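Taking it in order: structure first as structure tokens, then the write-up.
The values are calculated or read from the model by the stated rules, or taken from the named source; none is laboratory data. Quick caveat, the model's predicted, so the values are computed rather than measured. Cβ coordinates were reconstructed from backbone atoms using ideal geometry, including for glycine residues, and neighbour counts include every protein chain displayed. Accessible surface is based on the protein model in full, side chains and every heavy atom, while ligands, DNA and RNA are left aside. Shrake-Rupley method; radii C 1.70, N 1.55, O 1.52, S 1.80 Å.
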Amino acid sequence: MSTQADLDAMYQEIILDHYKHPHHKGLRDPFEAEVHHVNPTCGDEVTLRVHLADGVVEDVSYDAVGCSISQASASVLTDLVIGKSVDDAMAVHADFLTLMQGKGTVEPDEDVLEDGIAFAGVAKFPARVKCALLSWMAWKDATAQSLDASGTEEK
Amino acid sequence: MVATGPTSGRLPGLLPELEVVRKDFPILERTVHDGLPLIYLDSANTSQKPQIVIDTMVDHLERHNANVARAMHALGAESTEAFESARDVVAGFIGAPERDEVIFTKNASEALNLVANTLAWARPSTSSGVDLSIGEGDVVVTTEMEHHSNIVPWQLLTERKGATLRWFGLTDDGRLDLSNVDELITEHTKVVTLTWVSNMLGTINPIADITRKAHAVGALVVVDASQAAPQLPIDLASMAPEERPDFVAFTGHKTVGPTGIGVLWGRREVLEQLPPFLGGGEMIETVRMERSTYAGIPHKFEAGTPPIVEAVGLGAALTYLGHLGMDAIHAHEQAITRYALEGLGTIKGLTVLGPLDAAQRGGAISFELEGVHPHDIAQVVDSRGVAIRAGHHCAKPAHARFGVQSSSRMSSYLYTTPAEIDALVEALEYTRSYFRLDG
Ligand SMILES: Cc1ncc(COP(=O)(O)O)c(C=O)c1O
């Protein structure tokens, strides 16, 4: 594939749309956990909150500064996990991780990843994989903390 | 609009024989992404290497390899000679008053940490000499434009010793704000440390003025010359003693040398008074189980087998720069920087961070392009073969000062041509259209 084709594969229309019009952006109440993750090599940052109720991801809200890839991926993340059970959302997370770490060899499942399949092209650029994963890692961290918090409450 | 033209190849100030000089750098002939010519504008990050450096290092490994100082045989003598000659070359390159004041480290970061750590360990002097110890009530002064390598070691030092870290702020046009110099440099100030040339803003700092002020209150001056050594002629011996810093650090890989080698120059009296940095072979005079005595400078600060072939490579690199002439290299950098500032100025929505006068800055130019994140800029220009850096360039506080998370940075060097700047400008225009920013 040519460089131009690789570039176009990365900057899919879907990604640029999410970048320009991000979904679920902004920090909202209520939430059980808030995390702040940084990509130390480039300084991109995300603050992300998770609100869980009865094993369901009720809300994910965030504030982020970063490149088109990291911003679009936060937007896609919220579309994919909000409203799902924590278990289902974790399964989506695992699929997205596999896609991003696959160096461009993994064929994404559109039924599971929906707009997330647009990131398949990013997986070929090792320097950008971290951008795509920034908010996903933050979400996993915040969700684990929310579960811990509710776990101790229930006891 | 791209500022190309038949005259762009012959800007006043360019290195004569630029095309011949470029042939010394084999990597400049390679292509990237299936056939695009490489346009390397990331030299402030690391410079490319001329053939003579590569050949000298290979020759050393093929023909002269042995450990230094401790091998009593022909190769040992050759290797020691090559290593110590490299020290002579470094001393000549910076005009060091004495060659034994030149200490090899692994990079600039290690050189700066060496100073900060040994100062942390210095005991209050009992008999003679200045008191180098730092404690409560003492102040270390740095600046907001430093590379992280010249901030963190001083944070560690002041945190450990209960001293206070203070810093010069920056003006809106990216210079040191010296308006409160008399509040920062006082009788409590023990160390003033600053970069000679900023790796982000390009600013050239008034080293002699600040050193004079610091010396007047008895403070030591530590200069990070990582970006200065590649492009400014440095002659320490010709500086007035009150204006000459006490320490100067730089890193080999930015001066067309290899990675793994850096330099700390320090004033003899201070180096002699400081305790050793790392303990081990080479840095001792004699070792008994109860205690040891230490070698004289420079070896006192060079524990263990040093980066021998890297030092030899650095010697070749600085000799190469010397042949081209640092005055000529400086003039070339200024000409290219001026041309680049003009070219970047034609791009809609582009803002340069730092001074706009090429005569007062180095060759690293950081900029923002409204509507496109630096990562995305670097990615798109890379698809056209143009290598620039995106991110915080290890200068987060300076970025924060200008209210930006990150920036894009182009940095030229002695092998950069005006045509390469044209290619960058063209690639940036392409980036704007790629992200559909209005015409
Ligand atoms: C101004 C400045 N100081 C220090 C350094 C650190 O150099 P090194 O990483 O080789 O130790 C750099 C280079 O990145 C620099 O530009």
From the phi angles alone, apply the Karplus equation (6.51, -1.76, 1.60; θ = phi - 60°) to the range A:14-23 and give each ³J(HN,Hα) in whole Hz, x where the residue is Gly or Pro. 4, 5, 5, 5, 4, 4, 6, 10, x, 8
Compute, for the range B:195-322, the length of the dipole vector about the Cα centre, with Cβ point charges of +1 (Lys, Arg) and -1 (Asp, Glu) only. Units Debye, rounded to 20. 80
Picking from B:276, B:331, B:201, whose Cα lies most toward the positive end of the charge dipole for chain B (charges on Cβ: Lys, Arg +1; Asp, Glu -1)? B:276
Can you compute the equivalent ellipsoid semi-axes for chain A, i.e. the square root of 5 times each eigenvalue of the Cα gyration tensor, sorted largest first and rounded to whole Å? 27, 16, 13
Which of these, B:121, B:154, B:196, has the largest mean-square fluctuation under a Gaussian network model of chain B (Cα springs below 10 Å)? B:121
Between the residues A:36, A:81, A:145, the Cα farthest towards the positive end of the dipole of chain A, that dipole coming from +1 and -1 charges on the beta-carbon of Lys, Arg, Asp and Glu, is from A:36
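Give the carbon-plus-sulfur fraction of the accessible surface of the protein assembly as shown in %, rounded to a whole number; probe 1.4 Å, heavy atoms of protein chains only.
Exposed carbon and sulfur together represent 53 percent of the surface.
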Which residues' amide hydrogens lie under 5 Å from the amide hydrogen of residue B:170, considering only partners 5 or more residues apart or on another chain, with H built in the peptide plane? B:177
About the Cα centre of the range A:19-155, what is the dipole size in debye to 20, counting +1 per Lys and Arg Cβ and -1 per Asp and Glu Cβ, all else neutral? 740
Relative contact order in percent for the range B:54-323 (Cα pairs under 8 Å, 6+ apart) equals 24
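For the pairs B:190/B:213; A:20/B:396; A:103/A:130; A:25/B:348, note any where the Cα-Cα span goes beyond 20 Å. Mind showing how you got there, number by number?
Values: B:190/B:213 12 Å; A:20/B:396 26 Å; A:103/A:130 12 Å; A:25/B:348 29 Å.
Where the Cα-Cα span goes over 20 Å, the pairs concerned are A:20/B:396; A:25/B:348.
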Between B:239, B:200, B:145, where does the largest GNM mean-square fluctuation fall for chain B, given springs only between Cα atoms within less than 10 Å? B:239
Could you point to the residue in B:349, B:105, B:120 farthest towards the positive end of chain B's charge dipole, with +1 and -1 charges on the Cβ of Lys/Arg and Asp/Glu respectively? B:120
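Taking loop as defined by DSSP and a crowding limit of 13 other beta carbons within 10 Å, which trypsin sites (Lys or Arg not before Pro) in the range B:376-439 fit?
B:436
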In a Gaussian network model of chain B with springs linking alpha carbons closer than 10 Å, the residue among B:78, B:62, B:269 that fluctuates most is B:62
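Based only on Cα atoms, what mean projected area does the convex hull of the range B:54-323 have, in nm²?
15.1
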Roughly what angle does helix A:68-81 make with the longest principal axis of chain A, taking Cα atoms, 0 to 90 degrees, to the nearest 10? 50
Contour minus Cα-Cα distance for residue B:290 and residue B:10 (0.36 nm per residue): 94.1 nm
For the range B:54-323, give the share of DSSP beta bridges that are antiparallel, in percent and rounded to the nearest 5; count only bridges with both residues there. 45
Test item: Cα-centred dipole of the range B:54-323, Lys/Arg +1 and Asp/Glu -1 on Cβ, debye: 480
³J(HN,Hα) across the range A:27-40 via Karplus (A = 6.51, B = -1.76, C = 1.60, θ = phi - 60°), whole Hz, x for Gly/Pro? 9, 10, 9, x, 7, 9, 9, 10, 10, 10, 10, 10, 8, x
Loop sites in the range B:19-55: trypsin sites (Lys or Arg not before Pro), DSSP, at most 10 other Cβ within 10 Å: B:30
Fraction of antiparallel bridges per DSSP, the range B:134-226 only, in percent to nearest 5: 15
Based on DSSP H assignment, which helices of chain B show an axial Cα extent of at least 18 Å together with a mean Kyte-Doolittle hydropathy greater than or equal to -0.5? B:74-94, B:108-121, B:308-324, B:326-345, B:418-434
Accessible surface buried upon B-A contact (total; probe 1.4 Å; Å², nearest 100): 1800
The protein assembly as shown - Debye-derived log10 I(q)/I(0), Cα point model, q = 0.08, 0.11 Å⁻¹: -0.66, -1.11
